[in-house]
Amino acid sequence: MRTSPLLIFCLVRRLALHPVLALLLALLGGLFSPALADVYDDVERMIRNGQLERASQLSAEHLKKSPQDPQMRLLGSRIQDALGKISDAMGTLESLTLEFPELPEPHNNLAVLYARQGRTQEALESLNKALLARPDYAVALENLGDLHLSLALQAYQRASRSPATPTSAGRKADAITPLLKR
């Protein structure tokens, strides 16, 4: 995964440079940073292959040189999550959302962690922030749909347990359940 020109643009833009200059630097940075792209690719590959300790070491080495790098910090949060360090991952993501509110990925990933903990309202808020940052962010849109389906399933299941159970509630719950297992 190469450093995206959009990410570089956001970072350079934070330096209060003229938008055209920031865009030019972002495009050039995306073209001339193969070594940087390699470290991201390496960490990403290690995470996928379950080499979490090595990914953590490589990420930490990179962050010593570039402690504010949001892309590596985002990867670091994924490593923390995979290692079961959920509160650390949430802390990293919360920090990223405050420092880089224009990036949708930290908001989305934080929403996933909130949803896993049953913190539905916070998950919805984080997903809405991700979509505010990038309305066409398909991953956040899909996660928002899944969260709404999960809430609908809970409501249908509660309705089917109530004394005056509508017969359609059970059917709807049965129809939603397979969608959430995908």
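The values are calculated or read from the model by the stated rules, or taken from the named source; none is laboratory data. All of these numbers come straight from a predicted model, not from anything done at the bench. Every residue, glycine among them, receives a Cβ derived from its backbone with ideal geometry; neighbour counts consider all protein chains shown.
Would you confirm, using the coordinates I've provided, whether K181 is basic (K, R), out of contact with any Pro (no Cβ under 6 Å at 6 or more places or on another chain) and modelled with pLDDT under 95?
Values: basic (K, R): yes; out of contact with any Pro (no Cβ under 6 Å at 6 or more places or on another chain): yes; modelled with pLDDT under 95: yes.
Yes: the conditions hold for K181.
Do the conditions hold for M72, that is, is it at pLDDT 90 or above, of a type in the set (A, V, I, L, M) and either surrounded by fewer than 14 Cβ atoms within 10 Å (Cβ to Cβ) or in contact with a Leu (Cβ under 6 Å, 6 or more places away or on another chain) (or both)?
yes
Determine which member of the set R158, R134 is over 27 Å from L75 (Cα atoms) and not aliphatic (A, V, I, L, M).
After ruling out the rest, the residue left standing is R158.
What are the residues in region 158-167 that are under 21 Å from L179 (Cβ atoms) and either under 29 Å from the mean Cα position of the chain (by Cα) or part of a loop (DSSP other than H, G, I, E, B) (or both), if any?
Residue satisfying the conditions is P166 alone.
Can you give me the number of residues within region 94-125 that are more than 17 Å from A140 (Cβ to Cβ), among the small types (G, A, S) and in a helix (DSSP H, G or I)?
Qualifying residue count, region 94-125: 1.
Does region 115-143 hold any residues that are free of Cβ contacts under 8 Å to residues at least 24 places away in the same chain and touching a helix residue (DSSP H, G or I) at 6+ places or on another chain (Cβ under 6 Å), and which are they?
E122, L127
Would you please list the contacts, defined by Cβ atoms under 7 Å and residues six or more apart or on different chains, that run from a residue in region 69-93 that is part of a helix (DSSP H, G or I) to a residue that is among the charged types (D, E, K, R) and surrounded by fewer than 20 Cβ atoms within 10 Å (Cβ to Cβ)?
Once the first residue is part of a helix (DSSP H, G or I) and sits in region 69-93, its partners that are among the charged types (D, E, K, R) and surrounded by fewer than 20 Cβ atoms within 10 Å (Cβ to Cβ) give L75/E44; Q80/D88.
Filter region 135-158 down to the residues that are buried (at least 18 other Cβ atoms within 10 Å of the Cβ) and within 22 Å of D81 (Cβ to Cβ) and list them by number.
Once the filter is applied, which keeps residues that are buried (at least 18 other Cβ atoms within 10 Å of the Cβ) and within 22 Å of D81 (Cβ to Cβ), region 135-158 yields Y137, A140, N143, L144, L147.
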